[in-house]
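Q: Pasting in a structure now, in structure tokens, and then I'll have a few things to ask.
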Amino acid sequence: MREPLLTALAEAVRDHDERTLRRLLARLAEQVTIADLPALRDALDTARRHRNRRPR
């Protein structure tokens, strides 16, 4: 996922801008359908492992 898209989604939620939120969610869904799912899974697994190693 692209960080600017996620940032825009967060702003639309915060601003209660349903029209923009729907448009951005559609764009996110489009990106997910063309994503390299094995690479995405690997990236999420790596992030999860790094998060679990951090001292609390």
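The values are calculated or read from the model by the stated rules, or taken from the named source; none is laboratory data. What you see is a predicted model, and the numbers here were worked out from it, not measured in a lab. Note that each Cβ is placed from the backbone with ideal geometry, even for glycine, and that neighbours are counted across all protein chains shown. The area values use the complete protein model at the heavy-atom level, side chains included, leaving out ligands, DNA and RNA. Shrake-Rupley method; radii C 1.70, N 1.55, O 1.52, S 1.80 Å.
Q: If you take just the helices (runs of 4 or more DSSP H) that sit entirely in the chain, which of them hold at least 3 residues that are out of contact with any Pro (no Cβ under 9 Å at 6 or more places or on another chain) and among the small types (Gly, Ala, Ser)?
A: Details: elements: 3-14, 18-33, 37-53.
In the chain, 3-14, 37-53 are the helices (runs of 4 or more DSSP H) which contain 3 or more residues that are out of contact with any Pro (no Cβ under 9 Å at 6 or more places or on another chain) and among the small types (Gly, Ala, Ser).
Q: Ok, one more. Counting just the residues of the stretch 12-33 that are touching a helix residue (DSSP H, G or I) at 6+ places or on another chain (Cβ under 9 Å) and open to solvent by less than 80 Å² (accessible area, probe 1.4 Å), which one comes out farthest from residue 44 (Cα to Cα)?
A: Residue satisfying both the conditions and the ranking: 17.
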